Amino acid sequence: MRLSQLRGALERGEVSSRGLVETALCKAEECEDLNAFITMNPDAALSAADQADSERAQGQVRSPLHGIPVAIKDNICTKGLRTTCASRFLDNFVPTYDATAVQKLREAGAIIFGKTNCDEFAMGSSNENSAYGPVLNPLNPSCVPGGSSGGSAAAVAAGIVPLSLGSDTGGSVRQPASLCGVVGVKPSYGRVSRNGLVAFGSSLDQIGTFAADVEGAAALLEVIAGPDPLDSTCSNRATEPWSQQRDPQDAPIRIGLPKEYTSVLDDEAKAALLAPLEAMDGVQLVEISLAHTEFAIATYYVLGSAEASANLARYDGIRYGVRVQEAGADLEETYIASRSQGFGAEVKRRIMLGTFALSAGYYDAYYNKACAARRAIGADFKQAFEQVDLIASLTAPSTAFPLGSKTADPLSMYLSDIFTVPVSLAGLPALSLPGQLAKDGLPWGLQVIAPPWREDRMFGFASRLEAKLVEQGRSQA
């Protein structure tokens, strides 16, 4: 379900916004077993659709997203609509304001369809850490959809909605996009306001987009990106017409292939990456080195957990959220009981890791060293982009894996993000688009990484690569 097709149908009067929402609601009911949504918004969505239809009838079209239903990850605040972060701690939390990204969607005439399931507080790579149960992969319900934005990816992959928002801290948009066979975009850090995004790792978090194709994901980013005085880390750079970015099929371009990424791939995975790139005219493949890649996962889990420890300190059961209070308990005992019962196992694990890394006697040994490693990883990318225009890799080292297969081994789960975490540490823009099918019938994801603020270059080449993959698919059929 591509945005361009739906937009064209609306313009020609073949469908109405109300019809799109009603169809989405029916599809969501059919796909209820996927568990992609935590909170639905049917009455408000239908009302917004009627308003969009009325405005369109009067010739008032606000944007290319006018009248289009969009799903929102449940860690992004929506005024008057429950926002749980997939945690029992926030089971009853209803924000009094919209996140800036959601506000921009409403102003563009988009319809907020519902809130999608995710790993609790966006901590996970499989969407099995949700307090509301795991999300199932629409392509194979016995497999995970990826995480933490698994519900947003699954909602698009299942055809419930054409567009959705997620958040990406270490790969939480790109990895589920890869496992579900859709397009997922993480913009440059600071490209989209974090105001109203419930904080996990503040120096890493970015709101990203999902769609069936590159054009749709770019169009959604055009709406939500841009300066915001409510977020001091948000750039003042203007948005660009990324959805119209198209590179000529034979334009010369240098694509870097990190040897640290390709050396760990088996023959099938390596072929999935190289085959479409080698088939493209004008593409020069250049082996590059990102020498500090081996430290990326450790660096991310020290820094991300440290920031999570600080950010999640506000959840004490007193000011808001679920309170667990035994008779006669004092304030400290209430804190302990609320946090112990309110948080899930993965969130507790990261809070403890982060608190340890920030504690006296260990701050220099862990946190400061991780900061130094992060700078080295960023320098690797900077040096690489002096040699090449873009970098390509697989998004994840495997296709979607079976439910429960990695829950007992956190390190194995963390390594699912080995190709996405370095990009997040460097604050770069990257996207994942579906590549060839693996032997198991599930898609590989291809990651395109660009220099800072060069989303234009990223989308231009990604559209060209997408066209080549479509062409190869047709020839194989």
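Miscellaneous remarks
- Taken as a whole, the structure places G133 among residues that are farther than 22 Å from G427 by Cβ and either part of a strand (DSSP E or B) or out of contact with any Cys (no Cβ under 9 Å at 6 or more places or on another chain) (or both).
- Exclusive hit being farther than 18 Å from W444 by Cα, free of Cβ contacts under 8 Å to residues at least 60 places away in the same chain and not polar (S, T, N, Q), set A238, A251, A199, A217: A238
- Among the residues of region 243-277, those that are within 18 Å of A438 (Cα to Cα) and either assigned to a helix (DSSP H, G or I) or touching a helix residue (DSSP H, G or I) at 6+ places or on another chain (Cβ under 6 Å) (or both) comprise T262, D267, E268, A269, K270, A271, A272, L273, L274, A275, P276, L277.
- Search result, residues across region 316-348 that are closer than 16 Å to Y301 by Cβ, in contact (Cβ under 8 Å) with a residue 12 or more places away in the chain and surrounded by fewer than 17 Cβ atoms within 10 Å (Cβ to Cβ): A345
- Options S152, S172, S164, S193; residue that is over 26 Å from R464 (Cα atoms) and either in contact (Cβ under 8 Å) with a residue 12 or more places away in the chain or buried (at least 24 other Cβ atoms within 10 Å of the Cβ) (or both): S193
- Options A296, A308, A271, A275; residue that is small (G, A, S), under 21 Å from the mean Cα position of the chain (by Cα) and under 19 Å from G445 (Cβ atoms): A296
- The residues of region 280-302 that are part of a loop (DSSP other than H, G, I, E, B) and surrounded by 14 or more Cβ atoms within 10 Å (Cβ to Cβ), listed by number, are M280, S289, L290, A291, H292.
No lab work stands behind these numbers, since they all come straight from the coordinates. Because the structure is predicted, anything quoted here is derived from the model rather than measured. Using ideal geometry, Cβ is built from the backbone for each residue, glycine included, and neighbour counts are taken over all protein chains shown.
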